[in-house]
Amino acid sequence: MEYLIIIISAVFVNNIVLAQFLGICPFLGVSNKVSTATGMSAAVVFVITLSTLVTYLIDHYILASLDITFMRTIVFILVIAALVQMVEIILKKISPSLYQALGIFLPLITTNCTVLGVAISVVTKEFTFGGEAHLLNLGETVVYAASSALGFGVAMVLFAGIREQLDLVSVPKAFKGTPIALVTAGILAMAFMGFSGLV
């Protein structure tokens with residue numbers, strides 16, 4: 001039951017983009033087309049899940065045992081950068097068209113605060129289940145990371161679909177481009193607030 005609560009909470013209630021406002025740069029920058037947003041979401045799901053798992057293990061077994069948890073941020077950034085380089089190399093070989101479509105945003109996953117935010121939150125933030133607060137264990141960490149990344153992807157693909165539709169309608173000149181995208185993102189964030197009483 002706890003895993004289901006984690007999934008619903010991370011995807012809908014505490015969506016990493018629309019409720020916690022992390023990852024706004026790729027959310028606005030790569031959401032012009034659904035296909036690009038889907039590819040970026042898949043890359044982010046892979047990077048967030050893998051980097052959170054690796055950073056959790058490093059934090060739990062190395063940093064905490066050596067009492068050097070103050071090094072978390074630096075170590076986590078290095079791990080994330082290495083994993084993003086791996087994803088970039090793999091995408092370049094497997095799907096050159098997706099690699100070209102993502103352009104500069106793929107290396108920007110390295111500095112995407114969503115990836116670092118999830119990795120840090122699982123080792124520092126206490127989650128409440130059944131009125132009892134505790135840090136996540138390894139299984140809960142993987143589920144939370146994957147769910148947060150999935151929430152990022154859901155928000156990206158929804159937003160990209162709305163932006164594609166906005167290109168087909170007549171938008172006032174003052175709102176064309178970024179202004180209508182920001183208004184749309186705000187409305188989408190308010191829509192996701194409707195899930196707040198779910199868990």
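The values are calculated or read from the model by the stated rules, or taken from the named source; none is laboratory data. Computed from a predicted structure; not experimentally measured. Cβ atoms come from the backbone with ideal geometry, glycine included; neighbour counts cover every protein chain shown. To get the accessible areas, we keep the full protein, side chains included, count just its heavy atoms, and leave off ligands, DNA and RNA. Shrake-Rupley method; radii C 1.70, N 1.55, O 1.52, S 1.80 Å.
Looking at S41, S31, which is the one that is among the hydroxyl-bearing types (S, T, Y), open to solvent by less than 20 Å² (accessible area, probe 1.4 Å) and modelled with pLDDT of 85 or more? Selected residue: S41, the only one of S41, S31 that is among the hydroxyl-bearing types (S, T, Y), open to solvent by less than 20 Å² (accessible area, probe 1.4 Å) and modelled with pLDDT of 85 or more. Taken together, L150, L182 contain a single residue that is modelled with pLDDT of 90 or more and farther than 20 Å from A43 by Cβ, which is L182.
Count of region 50-69 residues, restricted to those that are of a type outside the set (V, I, T) and in contact with a Leu (Cβ under 9 Å, 6 or more places away or on another chain), is 6. H60 meets the conditions (1) under 20 Å from C25 (Cα atoms); (2) of a type outside the set (F, W, Y); (3) surrounded by 15 or more Cβ atoms within 10 Å (Cβ to Cβ) in every case but one. The failed one is (1). On inspection, A133 fails the criterion of being touching a Gly at 6+ places or on another chain (Cβ under 7 Å) and either small (G, A, S) or at negative phi (or both). Residues in region 94-124 that are over 17 Å from M40 (Cβ atoms) and either among the polar types (S, T, N, Q) or out of contact with any helix residue (DSSP H, G or I) (no Cβ under 9 Å at 6 or more places or on another chain) (or both): S121, T124.
One line per residue, one yes/no per condition, for (1) open to solvent by 70 Å² or more (accessible area, probe 1.4 Å); (2) without any contact (Cβ under 8 Å) to a residue 40 or more places away in the chain; (3) in contact with a strand residue (DSSP E or B) (Cβ under 8 Å, 6 or more places away or on another chain):
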| position | (1), (2), (3) |
| --- | --- |
| I5 | no, no, yes |
| A19 | no, no, no |
| P26 | no, no, no |
| F46 | yes, no, no |
| I74 | yes, yes, no |
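Checking S97 against (1) at pLDDT below 85; (2) open to solvent by 20 Å² or more (accessible area, probe 1.4 Å); (3) assigned to a loop (DSSP other than H, G, I, E, B); (4) of a type in the set (S, T, N, Q), which test does it fail? Every condition holds for S97 apart from (3).
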